[in-house]
1. For segment 74-108 and segment 221-243, what is the separation of their C-alpha centers, rounded to whole Å?
2. Distance from a point 7 Å along Cα→Cβ of Glu126 to each backbone N in segment 155-182: keep the residues under 19 Å and list them by number.
3. Would you mind calculating the gained length between Thr338 and His285 on full extension (0.36 nm times residue separation, minus the Cα-Cα distance), in nm to one decimal?
4. Between Lys226, Lys289, Lys114, which gets the highest mean-square fluctuation from a Gaussian network model of the chain, Cα cutoff 10 Å?
5. Does segment 248-381 come out rounded, prolate or oblate by the C-alpha gyration tensor, with a ≥ b ≥ c the root eigenvalues, rounded set by a/c under 1.5 and, if not, prolate when a/b is larger than b/c and oblate if not?
6. R0 = 45 Å: FRET efficiency of Tyr235 with Ala366, Cβ-based, nearest 0.05?
7. Can you flag which of Lys280/Lys380; Lys41/Lys226; Lys4/Lys60; Lys198/Lys380 are past 21 Å Cα-Cα?
8. Under the definition of Cα pairs under 8 Å and six or more residues apart, what whole-number percent is the relative contact order of segment 248-381?
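Just so it is clear, none of the values below were taken in a lab; they were calculated from the coordinates. All values reported here derive from a predicted model rather than from experimental measurement. As a convention, Cβ positions derive from the backbone with ideal geometry for all residues, glycine included, and neighbour counts pool all protein chains shown.
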Amino acid sequence: MNSKTDFRTLCVHAGELKDTQHGGAISPLYASTSYAFTEVKVGQYPRYFNTPNQRGLSEKIAALEGAEAGMIFGSGMAAISTALLSHLKSGDHVVFQDDLYGGTRNFIKHEFPKYGIEFSFTKGLEPSDFEHEIKENTQGIYIETPSNPTLKIIDLEALAALAKKADLWTMIDNTFASPVNQNPIALGIDIVIHSATKYLGGHSDICAGAVLGTKECIERVFSSAKNFGGSLSDYTVWLLERSVKTLFIRVQAQNENAQQIAEFLDASDWVDHVFYPGLKTHPDHALAKAQMHGFGGMLSFNLGAGVDSKKFLLSLELIKPTMSLAGVESTALSPHLTSHSLLTEDERLAQGITPQMIRFSTGIEAINDLKSDLLQAYKKAIK
């Protein structure tokens with residue numbers, strides 16, 4: 001593999017392990033938790049994130065993000081918490097965007113004070129909003145774009161330039177976009193994080209996370225990770241490596257479906273507002289088009305006042321009203337009851353999250369079947 005290798009080829013072949021014993025076409029699964037320690041440069045151990053399958057998968061996902069190195073974790077939150085805590089110490093300060101995944105925001109508010117780490121949330125998403133929050137003890141900036149669940153977009157190149165000027169590191173949760181649609185490192189961001197439970201896994205049967213960056217960065221993350229113990233079972237590692245092989249074709253299909261669903265909902269009189277950067281009416285459409293390769297498979301929409309949001313979800317037949325996202329099956333949920341339930345009511349409202357908001361994760365089903373399911377659910381949910 002080299003820098004000119006096509007993304008689709010990297011999905012299939014980057015980081016693959018050779019079956020030297022039988023010549024099989026796929027990576028062998030090394031289930032052992034006990035490896036030789038004599039006459040080896042580095043001992044292999046699951047908690048050290050360096051078993052054969054762990055190293056192979058880390059190499060694959062790093063290649064997809066154009067990173068020098070990467071690490072695989074047991075969950076997205078394990079990746080987020082380890083990446084942040086490995087780059088911060090007591091007395092440090094970090095700037096976060098206000099529109100964050102609820103689990104991340106809850107971690108910051110409840111865990112950072114225990115470590116004496118200071119933090120600020122921006123009032124907006126322009127580079128000037130981040131600059132306004134920078135202090136003498138600020139070490140870095142943490143963002144996610146598109147944001148969850150309002151699909152707001154941050155100018156990555158402008159933010160990276162601001163951070164470098166201030167000698168700050170930058171981290172991004174790239175879960176919503178996936179490496180298919182957005183490569184932040186190429187735009188100047190230092191560290192990329194994924195909840196691999198989502199698009200990288202893609203089948204709603206894996207819980208995992210990933211951190212990608214320079215070799216120096218990943219060594220720093222490893223220095224904390226080996227103590228926190230957030231490693232991933234090699235059985236799951238092997239399943240995830242299998243799933244990533246189809247990442248490109250899955251996400252491309254989800255992109256296409258999401259665009260059509262967004263346009264369908266935008267034209268429906270029972271929907272008040274649609275949040276999707278692929279719509280030309282989205283305030284950040286031009287920016288998303290410039291820095292993304294596709295607009296993604298995620299969207300949100302506000303049901304009109306005459307629609308019972310709970311009954312709408314319960315009336316869906318094909319689309320599943322379940323938590324999480326990015327599987328090949330379409331799912332929908334209420335952010336105020338799930339992903340952002342740990343926020344206060346005021347915090348949710350400040351982000352535009354109301355009981356009428358539905359977050360929709362587009363699968364790969366036939367588009368007409370999805371439209372029909374949404375329409376019949378609406379008709380049953382009219383107050």
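1. 18
2. 155-163
3. Numbers: separation 53, 0.36 × 53 = 19.08 nm, distance 2.71 nm.
Working it through step by step, the gained length comes to 16.4 nm.
4. Checking each option, the largest mean-square fluctuation is seen for Lys114.
5. On the way: a/c = 1.44, a/b = 1.13, b/c = 1.27.
Cα axes put segment 248-381 in the rounded bin.
6. Working: r = 33 Å, r/R0 = 0.73.
Approximately 0.85, to the nearest 0.05.
7. Details: Lys280/Lys380 30 Å; Lys41/Lys226 18 Å; Lys4/Lys60 15 Å; Lys198/Lys380 30 Å.
Pairs exceeding the cut-off: Lys280/Lys380; Lys198/Lys380.
8. Working: 228 pairs, mean separation 39.9, N = 134.
The value is 30 percent.
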